[in-house]
Structure formats: structure tokens, C-alpha cells
Amino acid sequence: MKTEPIHRTSMWKFKLSAATMTLIPAAVGINYVAKALAEGLKLPVWLGSLGTFLASMLAGPVAGAISGFINNVIYGLTLSPISTVYAITSIGIGIAVGVLHANGWFSSARRVFVSAIIIAIVSAVISTPLNVIFWGGQTGIAWGDSLFAVMVANHAPVWLASFTDEFVLDILDKVCVAYLAFFIYRQLPQRMVHFFRDDK
Amino acid sequence: MMTDQTLISGTPQVKRKWYQVIDPITKLLFILDMTLLSFASPNLLLQVGLILVATLLLLFSKLNSTTFKALGFSLFLIVTMLIIQGLFYSHNQTVLFSVLGISFYKEGLIYATMLGCRVLVIILTSGFFMVTTSISENAAYLEQSGLSYKTVYVLMSVCYILPEMMRNMRKIQQAQKVRGTNPQKTLIQKLKSVLPVLIPLVIKTLDQSMARSISLQLRGFDNPNRTVKTSQQYHLSRMLHISLTGLAILLIGWKIWTKINGL
């Protein structure tokens, strides 16, 4: 049998193939289950973007962004309506992870840490205006909000206080999720990685 | 929960209720319009009016636990918002009342009440959408209104995959518990205890996705000669779409106009 050399196409090239079509719902499901697991164990992190991370790593930034978007829309239409607007944040996370992964920033434990910080910044920058518009700057997580209250009480600008509130929570969450995704991705069977990457 | 059977199957009925003859897009546009109206003015009376309208709609359609769950979470946040803004809002000037020597200010409380009202308006109107449309109805309607069936498949299959994943997770958790669990005190220990559940779950889920993808291809999902299921008819949908979209554009335009003129 003749084998063709693997030719990697641009990471931005996107076709809704049957593989991606089933990967996206799975990613949304992983987001949902990971979030439920974190809540069950009373972890101080959300873990709700694990599926988005994995989809981006497996099928590129566009697939990750779509997973993130659909995740928030479905979550918003079934459980908490306001989370729909945070779909923009999820799109940002999906793109950031996909680009970092394609450029080799998920190849070693040390690099993953740098990636996690970049992703946390992306996420916090997009979320902060939404927090200010809808919640007066709060995030809804008790200790992040107490930090927010202390800063506002000391006459810090709302934007700065809200960004700090969001960023400290994001950095913890994204570091945990990035390492989880890194470990899980390495455990995946190679046939799976190739199947979803759609090498042709 | 998403496992709710009525949500998934959309029970066939002979006589349809008033909210079933309104199409999903109209309901979504309605959410958009109510949100924009709520953001159009900081008038508290208007907010209360909008909340009343949404509550009445919910009462006359049907109430279920989903809306209450969504409300429960945001009510907690609204209370903390009232406290934080009441104490520390940057434009605070007039003391409204004091509890144990801590003063709550009028400006902050009004600001937090307004934000809280907006959140309630959004939750209640979306609640109306959530309880009155079934997943299969949405799928059929989205395809009818021109979205590609691939996109519809991606959107809708999530709702069918989730219950299956939850079942898988419980099975894996039980299996891991039988093997014995490590102490879970520190954050690192807790995170490590997540891995033995997550890794098999992710691999199983992706494996099932692969199987699903292969069977989709085998069944000819990409076949251009696909037949589309005919969907039910809705009343006045076209007129409602146009008028609701018009209202949305008007509200956005008005908001921008007042912002530019500094009103």
C-alpha cells in the first residue's frame, strides 16, 4: 500500500468535517462534566474550559473557539442565561489555546505555565468589561469579590479592581486547566490525535 | 436539568398552547428587545415594569425548576452586589441607613438595584424561552430557517451527549472508589484525584465521538440529496421578526444617540 506523506495544513484552515462535528459536542460535554466535578469536590477553580482546551489542541483554534461559543450558548439557554455573553471570553480562550499549541507552547511542563498565564490574561481582559456591565465589576466568587471590595473601598478605579478580581481567579483556573489538558493530551492514543487532527 | 424528557422529546400534542405557536426566533428576539429596553434607561420603575411583564409571561406559560435554579444563583450575587456597592460605590454621598455603625449609601444601593433588575429581566425572559421550547423543536426550526444541518447537528447533539457523559462519569467514579481513594486535603491532592476520573472519561468520550463520526460518514450525512423533515407552522412569525428586529435597531440607535449627545 502506498502511503502519502503527512502534510500539515495551516492551523486557520477549517472545514466542518464529520470528525470535528462530533469533537465539538464532546468538548462541550467535557467542559460541563469537568465543571460539575470541580463543584462536587469544592475546588476553588471552575475547570469549565477543559473541553475547549482539548478541542483547540486536537483540531485547532477555530474548532476550539466554536466549542467555547456553543458551550456558553447552551449553558446560557439551559442553566444560567447571563453566561451566554461570556461566550466571547470562551472564543478568546479557544483561539489563544489553539495558536499557542500550534506554535509548540504546550510541549513541556515549563512552557505550559507560560501559556496558562497568557491565556489567563486573554480571558481576564475580555471578561472584565462584561463583569463591569452586568455585575458592577464582581465575579461571583467569594474571595475574588472580597479582594474587589477591599480595592474599591480604597478608592481604586472599578476597572482595575474588577480586572484584579477576575485575573487572580483566572490565573489559578487556567494554570490548573492547562496542566490537566497537557497531561490528558499526552495520555491520548495516537490514533485519536491523528483522527481529530485530520492529517491529509 | 438537560436530561428532562420534555426538553429532549418535545411531546407531540394535538391542541397547542399559545406559547407553542410562537416560533423560537421570535422568542430569542424578544429576549434581545427586553434586554435592550432594560439597558436603555436607568429608570427603576421601567425595570420593575419589565420584570413584571416577564414574570407574567412565565406565570401564564409554565414554571419549572430551571428558572428557579438560575434565579437562586443570581439572587445571591445581587445581594453581595447590594452590600459591596452600598458600602463602597465611588459616587456614594448620602447615607441612607446604618447597621452596627456601618453606613449604607443611597447612590450605591440604587446602582446595585438597577444592575440587579437588569439581570432579573434577562433571566426571567430567557426563562420563558427555556421552558417553552423543546430541543427538537429548535433543531427543526433552525434548519428550516436556513442554518446548515451540520451546524444544527453540532448544536443539538450536545443535549444528547451530556446525559450519556454523566452516566459514564458516575460509572468511572464508582470504579475508582472501589480501588480506594487518596486523601484529598490540599488543592494539589484534590486536583490529582480529578485525574483518574477525567482521563478515562475524556478518552471514552472522544472514542465515542470517533465512532459517531465514522457512522455519520457511513450513513451518508454529507449526501447532498438529504430530505428535510417538514416542521410545524407558526403564527405571524415573519411580521413578529421584522417588528422585533426593528425595535432592537431603534433601541440601539437611541442609546448611541443619547451617548453621543451626552444626555
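The values are calculated or read from the model by the stated rules, or taken from the named source; none is laboratory data. Here the structure is a predicted model, which means the values were calculated and not measured. Note that we place each Cβ from the backbone using ideal geometry, even for glycine, and neighbour counts take in every protein chain shown.
Looking at region B:79-134, which of its residues are among the polar types (S, T, N, Q) and without any contact (Cβ under 8 Å) to a residue 24 or more places away in the chain? Of everything in region B:79-134, those that are among the polar types (S, T, N, Q) and without any contact (Cβ under 8 Å) to a residue 24 or more places away in the chain turn out to be B:Thr80, B:Ser90, B:Asn92, B:Gln93, B:Thr94, B:Ser98, B:Ser103. Only residues that are at the interface with chain B (Cβ under 8 Å from one of its Cβ atoms) and surrounded by fewer than 24 Cβ atoms within 10 Å (Cβ to Cβ) were counted in region A:43-72, giving 3.
A:Pro25: at the interface with chain B (Cβ under 8 Å from one of its Cβ atoms) and part of a helix (DSSP H, G or I), yes or no? So A:Pro25 passes the test. The set of residues from region A:73-90 being surrounded by fewer than 20 Cβ atoms within 10 Å (Cβ to Cβ) and touching a residue at least 40 places away in the same chain (Cβ under 8 Å) comprises A:Val85, A:Ile88. Looking at B:Ser209, is it within 24 Å of A:Phe182 (Cα to Cα), of a type outside the set (A, V, I, L, M) and within 7 Å of another protein chain (Cβ to nearest Cβ)? Yes; evaluated as a whole, the condition is true for this residue.
At pLDDT below 95, assigned to a helix (DSSP H, G or I) and crowded, with 17+ Cβ neighbours inside 10 Å, is that true of A:Ile93?
Details: at pLDDT below 95: no; assigned to a helix (DSSP H, G or I): yes; crowded, with 17+ Cβ neighbours inside 10 Å: yes.
When the stated conditions are applied, A:Ile93 does not pass them.
Restricting attention to region B:57-76, which residues are over 17 Å from the mean Cα position of the chain (by Cα) and within 12 Å of chain A (Cβ to nearest Cβ)? Matches in region B:57-76: B:Phe76 only.
Among the listed residues A:Gly144, A:Gly140, identify the single one that is free of Cβ contacts under 8 Å to residues at least 12 places away in the same chain and either touching a Lys or Arg at 6+ places or on another chain (Cβ under 8 Å) or not hydrophobic (A, V, I, L, M, F, W, C) (or both). Give the derivation first.
On the way: A:Gly144 fails: free of Cβ contacts under 8 Å to residues at least 12 places away in the same chain.
Result of the check over A:Gly144, A:Gly140: A:Gly140.
Residues in region A:151-184 that are closer than 30 Å to A:Ser17 by Cα and within 9 Å of another protein chain (Cβ to nearest Cβ): A:Tyr179, A:Leu180, A:Phe183, A:Ile184.
Just checking, which of B:Ile135, B:Ile123 is in contact with a Cys (Cβ under 9 Å, 6 or more places away or on another chain), buried (at least 21 other Cβ atoms within 10 Å of the Cβ), under 27 Å from A:Ala34 (Cβ atoms) and within 10 Å of chain A (Cβ to nearest Cβ)? The conditions single out B:Ile135. Could you tell me whether region A:76-98 includes any residue that is more than 8 Å from chain B (Cβ to nearest Cβ) and closer than 17 Å to B:Ser209 by Cα? Within region A:76-98, none of the residues are more than 8 Å from chain B (Cβ to nearest Cβ) and closer than 17 Å to B:Ser209 by Cα.
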